1. Under 8 Å for C-alpha pairs, at least 6 residues apart: give me the relative contact order for the chain, rounded to a whole percent.
2. Helix 66-76 versus the longest principal axis of the chain: what is the Cα-based angle in degrees, 0 to 90, to the nearest 10?
3. Using just the helices of the chain, give the 222 nm mean residue ellipticity in deg cm²/dmol: DSSP H runs with n ≥ 4 each add -39,500 (n - 2.57), and the total is spread over all residues, rounded to 500.
4. Most mobile of 26, 59, 14 per a Gaussian network model of the chain (Cα springs, under 10 Å)?
5. Using a basic spin-label model with each label point 7 Å from the Cα along Cα→Cβ, how many nm lie between residue 82 and residue 9?
6. Write down the radius of gyration of the chain and its Dmax, each obtained from C-alpha positions, in Å.
7. Stokes-Einstein at 4 °C, 1.567 mPa s, Kirkwood radius from Cα pairs: D for segment 25-82 in µm² s⁻¹?
8. Starting from the 7 Å offset along Cα-to-Cβ, what nm value, one decimal, do you get for the label separation of residue 99 and residue 37?
């Protein structure tokens, strides 16, 4: 799915009550930002690549499951994130938006 939007445009979609048409990992971040962790996790766990592992790691870090998060960071080839959850969410979103 080809999505051409800036981070600011993506963040603005959070005001909508229904999910916009987004690639799976951006959709997972959208659900997470709207407080729907379970929906975000369901989407992220079905993406079997490094980006999927990174979103999955972030979600488990947010959940407070440090051990599971560390496993997913390793799968993503990334160190465990030490920034705030908000900063990590933004960094992942920007990473995904610049790849789409």
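Only the coordinates and a few stated rules stand behind these numbers; no lab work does. Keep in mind that what you see is a predicted model, and the values were worked out from it rather than measured. Positions of Cβ are backbone-derived with ideal geometry, glycine not excepted, and every protein chain shown enters the neighbour counts.
1. On the way: 115 pairs, mean separation 26.4, N = 100.
Here the relative contact order equals 26 percent.
2. Between helix and principal axis, roughly 70 degrees.
3. -19000 deg cm²/dmol
4. Fluctuation is largest for 14.
5. Between residue 82 and residue 9, the simple spin-label model gives 3.6 nm.
6. Cα radius of gyration and Dmax of the chain are 12.5, 35 Å respectively.
7. Details: Rh = 10.8 Å.
Taking Rh from Cα pairs, D becomes 120 µm²/s.
8. 2.4
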